[in-house]
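The values are calculated or read from the model by the stated rules, or taken from the named source; none is laboratory data. Just so it is clear, the model here is predicted, and its values are computed rather than measured. Neighbour counts run over all protein chains shown; Cβ positions are idealised from the backbone, glycine included.
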Amino acid sequence: MRVAALLLAVLVLAGCHKPIHEPKTDASTRTEQVVLKAADGVEVFGTYSEPEKPRGLILLFHQAGSGQGEYLTIVPRLAAQGFATLTIDARSGGDMFGGNWTVKKLGGERGYLEARQDLEAALAWAQARKLPVILWGSSYSASLSFLIAADHPEVKALLAFSPGEYFDGKPAVAPAAAKLTMPVFVTSAQDPGEIAAGKALIDAVPAANKRQFVPVKGGAHGSSTLIAAKNPGAEDAWSAVLAFLDSAVPRP
């Protein structure tokens, strides 16, 4: 019994750097696990997926209580459109969509603003790949993505799913939105509060290429709006997202 318990512990430790879920991409897409180091030394676990001849690299950030499994069905569709992706387990997350290795290693989740370091580590890692980099955030990470994009005008585009003023004005997100010159896409659930929060931010963006997609049917919070099991209107949302991506990063 003791030997069996020890073996189980070894297996758990051996697999602790692997994602809880692997995206089911086709054979032409290369997938690898990565471990990033945030500015404060925290290890951030992620998964990089790269199709042949990628046209850009999308950083996919999850919502509260979640992890990179939020993008399990989303990564393959982006790969089919020619986009490499990096999903991460940010330190503000949890067991939704299968778990979060960064939170597990820390022994508990951290606050939204602490997770900004994890997103910035992902951006630094992505910039070394020499591809156009696109930020994609879900709920609180959508708002963090506005803050990061304001500091990094070299970012090619930003997609924000259910963003809002999640930080009680410390800092406020709207002033960051007012600095953005890259293409910006915002969407949300059909909830009036989410729609209004998204409108306040997109209205602040001075970029010429900007769009708020308001779902006519269905809709779900954060990036879940693209998951058919959670949103009967997922295909409408996908059509809007892919059209925006084509405008921001034209096909070769």
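Pull up segment 211-238, narrow it to residues that are more than 18 Å from the chain's Cα centre (by Cα) and assigned to a helix (DSSP H, G or I), then point me to the one that is surrounded by the most Cβ atoms within 10 Å (Cβ to Cβ). If we take residues in segment 211-238 being more than 18 Å from the chain's Cα centre (by Cα) and assigned to a helix (DSSP H, G or I), then D236 is surrounded by the most Cβ atoms within 10 Å (Cβ to Cβ). A search for C-beta distances below 6 Å between a residue of segment 43-61 that is within 19 Å of E154 (Cβ to Cβ) and any residue that is of a type in the set (A, V, I, L, M) and assigned to a strand (DSSP E or B), counting only pairs 6+ apart in sequence or on different chains, returns P54/A84; G56/I134; L57/A84; L57/V133; I58/I134; L59/L86; L59/L135. Only helices (runs of 4 or more DSSP H) whose full extent lies in segment 1-114 are considered here, and the ones with at least 2 residues that are at pLDDT below 95 and surrounded by fewer than 23 Cβ atoms within 10 Å (Cβ to Cβ) are 2-14. I'd like to know if segment 228-240 contains one or more residues that are more than 22 Å from V133 (Cβ to Cβ), touching a Lys or Arg at 6+ places or on another chain (Cβ under 9 Å), at pLDDT 95 or above and among the acidic types (D, E). Yes, some residue in segment 228-240 is more than 22 Å from V133 (Cβ to Cβ), touching a Lys or Arg at 6+ places or on another chain (Cβ under 9 Å), at pLDDT 95 or above and among the acidic types (D, E). In the condition set (1) under 13 Å from the mean Cα position of the chain (by Cα); (2) surrounded by fewer than 24 Cβ atoms within 10 Å (Cβ to Cβ); (3) within 19 Å of G69 (Cα to Cα), Y140 is compliant with all but (2).
Being surrounded by fewer than 16 Cβ atoms within 10 Å (Cβ to Cβ), closer than 24 Å to Y48 by Cα and in contact with a helix residue (DSSP H, G or I) (Cβ under 9 Å, 6 or more places away or on another chain) narrows it down to one residue among E154, E165; which is it? Lay out the reasoning, then the answer.
Numbers: E165 fails: closer than 24 Å to Y48 by Cα.
The match here is E154.
Residues that are in a loop (DSSP other than H, G, I, E, B) and of a type in the set (D, E, K, R) were ranked within segment 147-203; the one that is nearest to S224 (Cα to Cα) is D191. Annotation: L180 fulfils all but one of (1) surrounded by 15 or more Cβ atoms within 10 Å (Cβ to Cβ); (2) out of contact with any strand residue (DSSP E or B) (no Cβ under 9 Å at 6 or more places or on another chain); the unmet one is (2).
Please enumerate the residues belonging to segment 228-252 that are closer than 16 Å to F213 by Cβ and free of Cβ contacts under 8 Å to residues at least 60 places away in the same chain. Reasoning before the result, please.
Let us first name the residues in segment 228-252 that are closer than 16 Å to F213 by Cβ, namely 231-248.
Residues satisfying the conditions are N231, P232, G233, A234, E235, D236, A237, S239, A240, A243, D246.
Scan L144, L131, L123, L72 and give me the residue that is within 17 Å of L245 (Cα to Cα) and in contact (Cβ under 8 Å) with a residue 12 or more places away in the chain. None of the others qualify; the one that does is L131.
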